[in-house]
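To start, the structure itself, in structure tokens.
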Amino acid sequence: MVNKSLFPILTLLAVVLLVAACAGLQSSYTPPVKHPSAADLEEVPKVCTNCHDARGENVAYGRYVHTADFGTSHRPAATQGEAICAMCHQTSFCNDCHATRVELKPSLKNQTKTYRSAPHRGDYLSRHRIDGRVDPTSCFRCHGNPKSAESCAKCHG
Amino acid sequence: MRIGKRYRESILALILLLGILPGYSFGTEVQIKSDTIFRLFERDTSSEDNATVLPGYEYLQVDAGELEEHGVSFHLYGWGRNDFADSDYYEDQTDGELLYGYMEYSQEGNRFNAKLGRFQTFAGVANDSVDGLYLGGALGNYFDLSLYGGQPVALDSKQGRSGDSIFGGRLAHHLGMHYEVGVSYKSIENDNKTAEEMLGFDLSMYLPADLSLYGFSSYNNETDDWAEHSYELSIPIGSIPIGSVVIKPYYQHFNYKGYFDTGVNAVSPFNWLSQTGEKLTAYGVNALWQLDDAWTLGAKAKFFSYDELDNAETYSILATWQGEGLTQYGGEIGHTSANDTADNDYTLVRLYGYCDAMAGQFWLDFVSADLLLTFYDKDIYGEDSSFFMSLGTGKRFLDDALSVTLSGDYSQDPYYDDDLRGMLTMSYTYDKE
């Protein structure tokens, strides 16, 4: 077990180190805050690798291509490349699926955007009885704390 | 509303702070995005059968400050709801939520990033909403560090917020485009009692022949058990006669004791799972064949192996066609064979379309359609299938700043007979530099 009493001290020390290090060091690459908008580009590319190398000098853009399975497989890319995602998507975009606190499920809030991958489409009330028993870990990932489980509590208590 | 007085005061203080910071006054750029949604449907409530429910939602996002460049900015997103039919359908449910509201400072050159307020953090084992402080940045060319601390929003409805805390961080080491490895830590206390203490490890390796390996493991420090191992290999196969193929085999292992045991934080329907002694191993493969700029074909297979239960598997195939703009048509058919694990098997068929190429030809700008059919091997409440269909259309105004969308859906399934619902959405974007 990690001694919890040490954590405030370690955290403070880490903060001081971080600030000091950031003040004096230059990193190899800082992504832009925002990607150029469609209006700024002469031709709107369909995927990242139309313009960027799949393994660029600084970023492996290939892992950010929104393939047909990206909706269910983007976890490692988003975890390690939050700044890359943020160039095009604000947190509110992620909240549609991940926050589970927006009341309307993503396929309902964006009902006409049928091209977007969205969990729980259609009659998921019936399907979740089976999916939940096959792999409850995937439910827990988004509904595993007291706030995000409020939508489960109506029936499950 | 659950937006507390203390939090409103904090937000106000942040706005004032932004205003007085020299050189970073509001007005650099302001973006406001508003989604106003009205829905109409019928439900049985505690006081009335087939009660009309007419909720109106407002999802509001405000971003201000240095939005195009590094600097100081402010971000806010939240929603509220009112039932104009005054039914009992939403009793005991929150009628609004502040999802985030924070001041941010970012610096070019060292990736320094600071957030103060309510924010969402993704840092290894963390995917949490926090009221507090986030600091992140590069430690030279080879290391990144991120730290956060404050109160967890997830626990604000559980016995108040006194004694609640969350803190943690992630340290990553990367070497160019060769690899990145990260270690992360998260601790959550609820009423001064440890709710969660997790350690994490994540990995990206860019191998020869364009192979890539991604992985994540987490360890529950409270129960002294591994919680999860998830690893995926990406194998691009470029040299085929038509298009390109990417194959992604993966492996996952979950120990229910470590994964679901979150102490006093545990919630139904998951809290009992940690006591089952179950361990789940899942492995499978996703394959995507990109024929050209328009066509993609795909196949997925996933197998579930349990220590206690019988095995299960899912298979599906998909096809999509992508046209100009957002135009896309597609379909997917899948089968889940759950054997004795879930006491049921089902087959799911989905067909969908979105036509974005109508501008200039019709008064409307786009139409959408979605159809889902599910067939259950064993009846659920006397029904062996579900039918769901949605249709929508919309038009954009004011140089696309305003979009008005009308949609409806119909469902016939084990829970609802002839369930018809309507929806009107008005989305407005304001952007001023």
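One table, with the values for the structure above:
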read-out: Hey, B:THR194 in a strand (DSSP E or B), surrounded by fewer than 21 Cβ atoms within 10 Å (Cβ to Cβ), out of contact with any Pro (no Cβ under 6 Å at 6 or more places or on another chain) and at pLDDT below 95 or not; value: yes
read-out: In segment B:44-60, residue farthest from the other protein chains (Cβ to nearest Cβ) [restricted to those that are surrounded by 14 or more Cβ atoms within 10 Å (Cβ to Cβ) and of a type outside the set (A, V, I, L, M, F, W, C)]; value: B:THR52
read-out: Wholly within segment A:41-157, helices (runs of 4 or more DSSP H) carrying at least 2 residues that are aliphatic (A, V, I, L, M); value: A:75-80, A:82-86, A:124-134
read-out: Total residues in segment B:206-253, condition of a type outside the set (Phe, Trp, Tyr) and either at the interface with chain A (Cβ under 9 Å from one of its Cβ atoms) or more than 30 Å from B:ALA294 (Cα to Cα) (or both); value: 22
read-out: Conditions (1) within 15 Å of the chain's Cα centre (by Cα); (2) among the aliphatic types (A, V, I, L, M); (3) under 30 Å from B:LEU175 (Cβ atoms); (4) more than 7 Å from chain B (Cβ to nearest Cβ): number failed by A:VAL59; value: (1)
read-out: Meets criteria (in a strand (DSSP E or B), over 24 Å from the mean Cα position of the chain (by Cα) and more than 9 Å from chain A (Cβ to nearest Cβ)) for B:TYR410; value: yes
read-out: Contacts under 6 angstrom Cβ, first residue in segment B:110-135 being facing chain A (nearest Cβ under 10 Å) and farther than 16 Å from B:LEU99 by Cα, partner modelled with pLDDT of 90 or more and surrounded by fewer than 21 Cβ atoms within 10 Å (Cβ to Cβ), 6 or more apart; value: B:ALA114/B:TYR105; B:LEU135/B:ALA114
read-out: Test result for B:GLU91, more than 8 Å from chain A (Cβ to nearest Cβ), surrounded by fewer than 20 Cβ atoms within 10 Å (Cβ to Cβ) and either at pLDDT 95 or above or more than 26 Å from the chain's Cα centre (by Cα) (or both); value: no
read-out: Segment B:343-384, subset assigned to a strand (DSSP E or B) and among the acidic types (Asp, Glu), residue surrounded by the fewest Cβ atoms within 10 Å (Cβ to Cβ); value: B:ASP379
read-out: Top-ranked residue of segment A:119-140 - restricted to ones that are more than 8 Å from chain B (Cβ to nearest Cβ) and at pLDDT 90 or above, ranked as nearest to B:ASP35 (Cα to Cα); value: A:HIS120
read-out: Meets criteria (out of contact with any Phe, Trp or Tyr (no Cβ under 9 Å at 6 or more places or on another chain) and of a type outside the set (A, V, I, L, M, F, W, C)) for B:GLN361; value: yes
read-out: Which numbered condition B:SER268 fails, given (1) under 29 Å from B:LEU233 (Cβ atoms); (2) in contact with a Cys (Cβ under 9 Å, 6 or more places away or on another chain); value: (1)
read-out: Per-region count, segment B:72-121, residues assigned to a strand (DSSP E or B), under 25 Å from A:CYS97 (Cα atoms) and among the β-branched types (Val, Ile, Thr); value: 1
read-out: Residue match in segment B:261-280 (condition: part of a strand (DSSP E or B) and more than 22 Å from the chain's Cα centre (by Cα)); value: yes
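The values are calculated or read from the model by the stated rules, or taken from the named source; none is laboratory data. Being a predicted model, the structure only gives us computed values, none of them experimental. We place every Cβ from the backbone using ideal geometry, glycine too, and count neighbours over all the protein chains shown.
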